[in-house]
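The values are calculated or read from the model by the stated rules, or taken from the named source; none is laboratory data. Remember, it's a predicted structure, so these values are computed and weren't measured experimentally. Please note: Cβ atoms are built from the backbone with ideal geometry, for glycine as well, and neighbour counts cover all protein chains shown. All accessible areas refer to the heavy atoms of the entire protein, side chains included, with ligands and DNA or RNA removed. Shrake-Rupley method; radii C 1.70, N 1.55, O 1.52, S 1.80 Å.
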Amino acid sequence: MNILLQLVVSGIAVGMIYGVIAFSYQLTFVTSKTLNFGQGEALMLGALVGLTTINFLIGQALGNWLAYLLMLPVVFVFGMAQGTVVEWLGVRRAVEAKSEAGWIMATIALGIIFRNLAENIWGRDALRFPSPLPEAALNIGPIRVQPMEIAIVLGALAMMLAVEVFNRRTIYGKAVVATANDKDAADLMGINTRRVITFSYALSSTTAALAGVLIAPVTLTGATMGAALGLKAFAVAIIGGLSSGMGVIVGGLILGITETLTGYYISTGYKDVPGLVLLLLVLSLKPSGLFGRAAIKKV
């Protein structure tokens, strides 16, 4: 029983990582009905920019914790800039031309370009990210938890909560919600929906970049770290529903816990299989996702 509890706790930490990246997919989908298929690369770039920044700050005789806190605004600004570039170069023209394949191929191409850039700047070897918290596990009853795993869960929830508060409490957030509800009506009310979509891409990439520096201390950082995470988070977004914030959290937890249990009780070689089977079932039985709403197309 203790082993099962331990595995579930570990699965929750993994699932929250998937959930927060899936949440970043949702941010662009609700405003523009498009997705950034280079989202894993946004996470990777955020982690590597964060690594360079934190190493520089530690070199200035700052402690790991203070260096980590001072690094976060740098990653935030970088994420906003990177997302804006993706929207400008890869999505805007394709959406204006109503090309479904255009933005898909463009975001994939930009993701490959970003990965190649990262390989040339930081190399292909995996790099260790300094942890701001002690690495010794905490004993909570029969369960051992690393402090950084707790920080991942709390950090992921805080990021999603901050976006929700922004959308509900600020004028610009309400413009985002209005565009998500009805883009044409928002246009008629004088909202600059083009700027809102650009902002949603910037916010989406920032969320992924911050997720990168959140998980980097418990994983190795490198140019290829985002590919698998981005793909699994996309599966989570489909399972939970691209239109549901609760869905991406539940979908992430389902996938994270399922992977951990499968890896321990069956084989690590099969740990991805249950999640992919669930993805196929959801696509067959409820294509809008477990918590998603079916879109009604106006004619």
Do the conditions hold for ILE12, that is, is it closer than 24 Å to ALA223 by Cβ, part of a helix (DSSP H, G or I), among the β-branched types (Val, Ile, Thr) and in contact with a helix residue (DSSP H, G or I) (Cβ under 7 Å, 6 or more places away or on another chain)? no
Can you pull out the residues in region 151-182 that are of a type outside the set (D, E, K, R), open to solvent by 30 Å² or more (accessible area, probe 1.4 Å) and in contact (Cβ under 8 Å) with a residue 60 or more places away in the chain? VAL153, LEU157, MET159, ALA180
Of everything in region 239-267, what is touching a Leu at 6+ places or on another chain (Cβ under 7 Å) and in a loop (DSSP other than H, G, I, E, B)? Give them in sequence order. GLY241
Of the residues MET246, MET225, which is touching a Ser or Thr at 6+ places or on another chain (Cβ under 7 Å) and either of a type in the set (A, V, I, L, M) or within 17 Å of SER10 (Cβ to Cβ) (or both)? MET225
Mind checking whether some residue in region 164-187 is within 20 Å of SER243 (Cα to Cα), of a type outside the set (Val, Ile, Thr), at pLDDT 90 or above and touching an Asp or Glu at 6+ places or on another chain (Cβ under 7 Å)? no
Hey, can you tell me all the residues within region 29-62 that are in a loop (DSSP other than H, G, I, E, B) and under 16 Å from the mean Cα position of the chain (by Cα)? THR34, LEU35, ASN36, PHE37, GLY38
Sole residue being closer than 30 Å to ILE121 by Cβ, surrounded by 15 or more Cβ atoms within 10 Å (Cβ to Cβ) and β-branched (Val, Ile, Thr), chosen from VAL248, VAL282, VAL213: VAL213
What's the number of the only condition in (1) of a type outside the set (Val, Ile, Thr); (2) under 20 Å from LEU110 (Cβ atoms); (3) crowded, with 22+ Cβ neighbours inside 10 Å that PHE23 fails to meet? (2)
Criterion (of a type in the set (Ser, Thr, Tyr), without any contact (Cβ under 8 Å) to a residue 24 or more places away in the chain and over 14 Å from ALA208 (Cβ atoms)) met by exactly one of THR31, THR53: THR53
Of the conditions (1) in contact with a Pro (Cβ under 8 Å, 6 or more places away or on another chain); (2) open to solvent by 20 Å² or more (accessible area, probe 1.4 Å), ILE12 clears all except one; give me its number. (1)
Those residues of region 218-250 which are of a type outside the set (A, V, I, L, M, F, W, C) and more than 15 Å from PHE37 (Cβ to Cβ) amount to THR219, THR221, GLY222, THR224, GLY240, GLY241, SER243, SER244, GLY245, GLY247
Of all the helices (runs of 4 or more DSSP H) wholly in region 111-227, which have at least 3 residues that are closer than 18 Å to GLY79 by Cα? 147-169, 193-215
Can we say LEU290 is modelled with pLDDT under 85, farther than 17 Å from VAL14 by Cα and not basic (Lys, Arg)? yes
Considering residues of region 192-203 that are open to solvent by less than 40 Å² (accessible area, probe 1.4 Å) and out of contact with any Asp or Glu (no Cβ under 9 Å at 6 or more places or on another chain) only, the residue nearest to LEU48 (Cα to Cα): LEU203
Only one residue in ALA106, ALA136, ALA185, ALA151 is of a type in the set (A, V, I, L, M) and closer than 19 Å to GLY83 by Cβ. Which one? ALA106
Just the residues that are open to solvent by 20 Å² or more (accessible area, probe 1.4 Å) and either of a type in the set (A, V, I, L, M) or touching a His at 6+ places or on another chain (Cβ under 6 Å) (or both), please, taken from region 28-69. VAL30, VAL49, LEU57, ILE58, ALA61, LEU62, LEU66, LEU69
Here the residues within region 70-108 that are without any contact (Cβ under 8 Å) to a residue 24 or more places away in the chain, part of a helix (DSSP H, G or I), open to solvent by 80 Å² or more (accessible area, probe 1.4 Å) and closer than 30 Å to LYS183 by Cα are VAL77, LEU89, ARG93, GLU96, GLU100, MET105
